[in-house]
Amino acid sequence: MSKRIVIEGGKELHGEVAISGAKNAVLKLIAAALLVQDICIIHNVPDLSDVETMVELINCLGAKTKYNKITQTIEIDARNINNCTADYAYVSKMRASFNVLGALLSRCGEAKVALPGGCAIGERRVDFHIKGLQLLGANVNIENGYVIAYAENLIGADISLALPSVGATENIMLASIFADGVTRIQNAAQEPEIIDLANFLNMAGADISGAGTSEIIINGVKKGSLHGIEYSTIPDRIEAASYICALCAVGGEILVKDIIPSHLTFFLNKLQEIGVQIEAIDPYILKVKKDKVLKATNLVTQPYPGFHTDMQAPVMSVLSLADGISIITESLFENRFMQVPELRRMGANIQQENSKAIIKGVEYLTGAEVKASDLRAGASLVIAALAARGTSSISNIHHIDRGYEKLEEKFTLLGANIKRVEINENLSDNQIGNPKVMIL
Ligand code: EPZ
């Protein structure tokens, strides 16, 4: 049996959608709670499989957690961390678990964390993380697929990143919280999720300045001095962008609530440029309307504040239906066009030339059976299916569940015809209506 999302496309979207807490922020906040020898309560936690994996991982390290999915709250008691090994079982499932490396090293003086390895979207090396920890005075080796780091005392250092890596910036921040003296991260990632991590740590008693700029300065504070806090995760800008892309592909008018529009500036400007109407209703709500065919455009993915690589696949579905030829250049990951062959199966006209995708807009897409290869590629297929004529069935949806809370529920409220079904793979006819297809 396998689960699928089945969508009958072509229904305009109308109504309101509330955006959940940011996956890529909360996972790092959970890792950061390992530095606090006290109880932290994190609010606005989305109900996602990646969050469950991170909670299981820190439980395994000795933390005690209470994860309430109804109130969207996690209580983390990290007073007794008694294991410094993050097993491959966790890290292979979810790369963000590699973020416990800096936190464990800082808290325990040692850490053994499985190397994440490559993944569907690219090689995704961790050399900047390792170099950064070494510059802080840690002894770091790779043995049997694990990064093993020791440091009796971490010492503040100037660390310049070759690329503004999100994960390396976070790991180095976490490692340097109790280091002696000052750490400066130059060419740091500037993403809103980095600011959220710094805000969380500062509220708990850390001394970090410059988060959100290219230079982050961490003044080491006394080990054990961080105290428990209550903190609310920022909204998920990528989830928000995905709903806005769905509206742009399908048409209609929606209110996107509980967001911070300034986190989406580059993306929103691009959409306005191609003909989408966007209006701020209040500081946390946008009205988005699409009532005509959009114009083609070119874009290049860049580190924040540029066009976000995580929004590239969702936007590709929109541009597949735009008037004219668009070119998307993916500059961050080597293999982030996995949605292209699937979109082609739905009638999109896309040529891929290395890091460029050349998209010739078509009048309509058609429903098809397609497969999600990773989280954002999966989102692009949902968007294309919502716009397509006929029925689509998307498989490998565990990728989508990593990053989109209550996806079917939210789209149903907007008027879409979308269902999660369980299908017996042994049957050739897997259309809804078949008694062996169960609607979940
Ligand atoms: C984070 O991944 C996000 N994941 C990704 O979102 C996002 O696409 C990416 O940042 C870029 O914004 C989480 O936050 C959990 P990077 P991360 O280190 O930290 C190279 C999603 O869909 N690099 O900024 O792994 C790397 O190969 C996910 O939610 C090195 O060469 O990304 C890549 O080309 C997918 N050496 C570039 O830097 C290193 O040591 C950016 O990667 C580290 C990175």
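Quick note: the coordinates plus some simple rules give every number you see, no bench work behind them. Because the structure is a prediction, the values reported are computed rather than measured. Here the Cβ positions follow ideal geometry from the backbone for every residue, glycine too, while neighbour counts run over all protein chains shown.
Over the chain, Cα pairs under 8 Å with separation of 6+ residues give a relative contact order of 21 percent. Cα centroid separation, the stretch 371-400 to the stretch 1-48: 18 Å.
Taking the C-alpha atoms only, the angle from helix 265-274 to the longest principal axis of the chain is near 20 degrees.
Label zone (Asn349, point 7 Å along Cα-to-C-beta; backbone nitrogen cut-off 13 Å) within the stretch 297-323: 320-323. Fewest-first ordering of Lys356, Lys292, Lys23 by other beta carbons within 10 Å of each residue's beta carbon gives Lys292, Lys356, Lys23.
So how strong a dipole does the stretch 67-151 carry about its Cα centre when Lys and Arg Cβ are +1 and Asp and Glu Cβ are -1, to the nearest 20 debye?
Details: 9 positive and 7 negative charges, 35 e Å.
Charge dipole of the stretch 67-151: 160 debye, to the nearest 20.
Going from the residue with the fewest nearby Cβ atoms within 10 Å to the one with the most, Lys28, Lys371, Lys295 rank Lys295, Lys371, Lys28. Of the chymotrypsin sites (Phe, Trp or Tyr not before Pro) in the stretch 267-351, the ones in a loop by DSSP (not H, G, I, E or B) with at most 15 other beta carbons within 10 Å are Tyr284. In the chain, the DSSP-assigned H stretches of four residues or longer account for a calculated mean residue ellipticity at 222 nm of -8500 deg cm²/dmol, using -39500 (n - 2.57) per stretch and the full residue count as denominator.
Since only Ile285, Leu247, Ser331 are under comparison, the one whose Cα sits farthest along the positive direction of the charge dipole of the chain, derived from C-beta charges on Lys, Arg, Asp and Glu, is Leu247. Evaluate the distance, in nm, between pseudo-label points positioned 7 Å from the Cα of Glu12 and of Lys356 along their respective Cα→Cβ axes. The modelled label-to-label distance comes out at 3.7 nm. With R₀ fixed at 41 Å, the C-beta to C-beta distance from Met438 to Ala162 puts the FRET efficiency at about 0.25.
Within the stretch 126-216, the ratio Rg/Rh, alpha carbon atoms throughout and Rh by Kirkwood, equals 0.96.
Pairs Lys257/Lys356; Lys371/Lys406; Lys23/Lys292; Lys28/Lys66; Lys66/Lys112; Lys290/Lys410: which exceed 23 Å Cα-Cα?
Values: Lys257/Lys356 33 Å; Lys371/Lys406 19 Å; Lys23/Lys292 32 Å; Lys28/Lys66 17 Å; Lys66/Lys112 25 Å; Lys290/Lys410 19 Å.
Long pairs (Cα-Cα over 23 Å): Lys257/Lys356; Lys23/Lys292; Lys66/Lys112.
Of the residues Asp401, Asp282, Asp158, the one with the fewest other Cβ atoms within 10 Å heads the list, and the complete ranking is Asp282, Asp158, Asp401.
Extension gain for Asp282 to Asp323 (0.36 nm times residue separation, less C-alpha to C-alpha distance): 11.6 nm. Between Glu425 and Asp127, the contour length at 0.36 nm per residue exceeds the Cα-Cα span by 103.1 nm. Taking Cα atoms only, the orientation of helix 49-60 departs from the longest principal axis of the chain by about 20 degrees. A Förster radius of 25 Å, combined with the Cβ-Cβ distance separating Thr213 from Ser331, puts the computed FRET efficiency at roughly 0.75. Between Ser2 and Thr412, the FRET efficiency from the beta-carbon distance, with R0 = 22 Å, is close to 0.55.
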